[in-house]
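A.B. asks: Have a look at the structure that comes next, please.
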Amino acid sequence: MKNKSETLYIVIPCYNEEEVLEETTRQLREKIEKLLEEKLISSDSRVMYVNDGSKDKTWELIEKISKREKYFTGISLSRNRGHQNALLAGLMTAKKYADIIISMDADLQDDIGAVDEMLKKYYEGNDIVYGVRSARKKDTFFKKTTAEGFYKIMNAMGVEIVFNHADYRLTSKRVLNNLENYKEVNLFLRGIFPLIGYKSAKVYYERNERFAGESKYPLKKMLSFAWDGITSFSIKPITLIFNLGITILVISTFVLIYSIIVKLLGQTVPGWTFIICSIWVVAGLEMFSLGVIGEYIGKIYTETKGRPRYIISRNLVEEKKLEKISE
Ligand code: UDP
Ligand code: MG
């Protein structure tokens, strides 16, 4: 059991969210005050809005709110950098001041009722608590099938992500200190957290509809985000090409045998055997060679990411030293 009343920062990326900010502030103010009353968080806790280069009055509003409200603050990016980068900026800034960091969207589609449960799981000793959507009752059929299909494809590609979890999560400061060592530019945060490890838990909630404003994730952005997720985490597509090359080469030996038999039986026109054999063998060799080159590119890709090879979660030597000092 950890010490209760640690400092909580709620990080919220905002892009053109002037229509929702006041209502979001009202709901989160209530939440923070309730958590303070229950002594679950310290009075240094804050909600941190991250203005992602909005074109409307979002930043002016954030400034106004942070002047007016005790528990609200904000940062502003120099221009629009997209949801994942805005979120990263917020997390990296918040970890300087907080012990516990929760990220969520500005439209409060993710039920803030789950925050209490998240904190409970944190105080029970979990470093990451994933918010998971229990059902997708309020989604359209199209959104539900595409979204769930995406998680399945990711898993088939060998990427470990939490099913139906987006970016609503609680993390401890030490998890974010480790996140800093993942230097990749093509950010797909929900894929990185499972890689970091530590003890984690899940909290289930129902996602609501947006109460105002419109989605900043139209289909085109969603598809490119999904593609980013796959290509930033998996080199399986390369292995597929390699295997395809070998399969074609194997098939081509059968084609070779078949076309020689047909020739010996005298059922062909001149030149047919040669052309058919060449097509299969050359295609197989090309595909195979591409696969080999691909495997090397795949290695370069993983090397350039420079991800940490391991993270030590506890070290008894250090812990003993600390014990001695405090004695
Ligand atoms: N967002 C952002 N930068 C962008 C696009 C979106 O910071 O370029 C924020 C947006 O303000 C919101 C969150 O990312 O807080 C999720 O966006 P949205 O709610 O529109 O996505 P949806 O819930 O429709 O998938
Ligand atoms: Mg939303």
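Only the coordinates and a few stated rules stand behind these numbers; no lab work does. Quick caveat, the model's predicted, so the values are computed rather than measured. Counting neighbours? That spans all protein chains shown, and the Cβs are built from the backbone with ideal geometry, glycine included.
A.B. asks: From the residues Leu21, Ser259, Val159, which one has its Cα farthest along the dipole of the chain in the positive direction, the dipole being from +1 and -1 charges on Cβ of Lys/Arg and Asp/Glu about the Cα centre?
C.D. replies: Result: Ser259.
A.B. asks: Chymotrypsin sites (Phe, Trp or Tyr not before Pro), restricted to the range 207-313: which are DSSP loop and have at most 13 other Cβ atoms within 10 Å?
C.D. replies: Listed in order of number, the matching sites are Phe211, Tyr310.
A.B. asks: Taking 0.36 nm per residue of sequence separation and subtracting the Cα-Cα distance, how much length would be gained by fully extending the chain between Tyr97 and Val317, in nm to one decimal?
C.D. replies: Value of the extension gain: 76.5 nm.
A.B. asks: Of Ser54, His83, Phe188, which is farthest towards the positive pole of the chain's charge dipole, taken about the Cα centre with +1 and -1 on the beta-carbons of Lys, Arg and Asp, Glu respectively?
C.D. replies: Toward the positive end, the furthest listed residue is Phe188.
A.B. asks: Residues of the range 203-240 with backbone nitrogen within less than 15 Å of a virtual label 7 Å along the Cα-to-Cβ line of Asn155, please, listed as ranges.
C.D. replies: Within reach of a label on Asn155: no residues.
A.B. asks: To the nearest 20 debye, what is the magnitude of the charge dipole of the chain about its Cα centre, counting +1 on the Cβ of each Lys and Arg and -1 on the Cβ of each Asp and Glu?
C.D. replies: With only Lys, Arg, Asp and Glu charged at Cβ, the dipole is about 480 debye.
A.B. asks: Find how many whole Å separate the alpha carbon centroid of the range 2-63 from the alpha carbon centroid of the range 135-153.
C.D. replies: The range 135-153 and the range 2-63 have Cα centres separated by 29 Å.
A.B. asks: With θ set to phi - 60°, apply the Karplus curve 6.51 cos²θ - 1.76 cosθ + 1.60 along the range 166-178 and write out the HN-Hα couplings as whole Hz, x wherever there is a Gly or Pro.
C.D. replies: Ordered by residue, 3J(HN,Hα) equals 9, 10, 9, 8, 9, 9, 7, 4, 5, 5, 5, 4, 6 Hz.
A.B. asks: Turning to a different aspect of this structure: Sticking with the crude label model, points 7 Å out along Cα→Cβ, report the distance from Phe225 to Asp139 in nm, one decimal please.
C.D. replies: 1.1
A.B. asks: Go through the range 207-295 and name the GluC sites (Glu not before Pro) that are in a DSSP coil and have 16 or fewer other Cβ atoms within 10 Å of their Cβ.
C.D. replies: The qualifying sites are Glu209, Glu214.
A.B. asks: Right, next: Can you order the peptides 75-87, 147-159 by their average number of other Cβ atoms within 10 Å per residue, highest first?
C.D. replies: Descending packing order for the listed peptides: 75-87, 147-159.
A.B. asks: Report, by chain and number, residues whose modeled amide H sits under 5 Å from the one on Tyr204, excluding near sequence neighbours (fewer than 5 apart, same chain).
C.D. replies: Answer set, sorted by chain and number: Val132.
A.B. asks: More than 15 Å apart: what percent of Cα pairs in the range 49-140 qualify?
C.D. replies: 69
A.B. asks: What's the magnitude of the charge dipole for the range 206-296 around its Cα centre, counting Lys and Arg as +1 and Asp and Glu as -1 at the beta-carbon? Answer in Debye, nearest 20.
C.D. replies: For this selection, approximately 120 debye.
A.B. asks: Moving on. With N denoting the number of residues in the chain, provide Rg(C-alpha) divided by 2.2 N^0.38 Å, to two decimal places.
C.D. replies: Computed over Cα atoms of the chain, the ratio equals 1.33.
A.B. asks: Additional query: Please name which of Ser278, Ile230, Ile300 has its Cα lying farthest along the dipole of the chain towards the positive end, using unit charges on Cβ (Lys, Arg +1; Asp, Glu -1) and the Cα centre as origin.
C.D. replies: Toward the positive end, the furthest listed residue is Ser278.
A.B. asks: Let me ask something else. Which GluC sites (Glu not before Pro) in the range 5-56 sit in a loop by DSSP (not H, G, I, E or B) and have at most 13 other Cβ atoms within 10 Å of their own Cβ?
C.D. replies: Sites meeting the loop and neighbour criteria: Glu38.
A.B. asks: Quick one: check the C-alpha center-to-center distance for the range 255-318 versus the range 197-238, whole angstrom.
C.D. replies: 32
A.B. asks: Where does the chain land at 222 nm, in deg cm²/dmol rounded to the nearest 500, when only DSSP H runs of n ≥ 4 count, each adding -39500 (n - 2.57), divided by all residues?
C.D. replies: -17000 deg cm²/dmol
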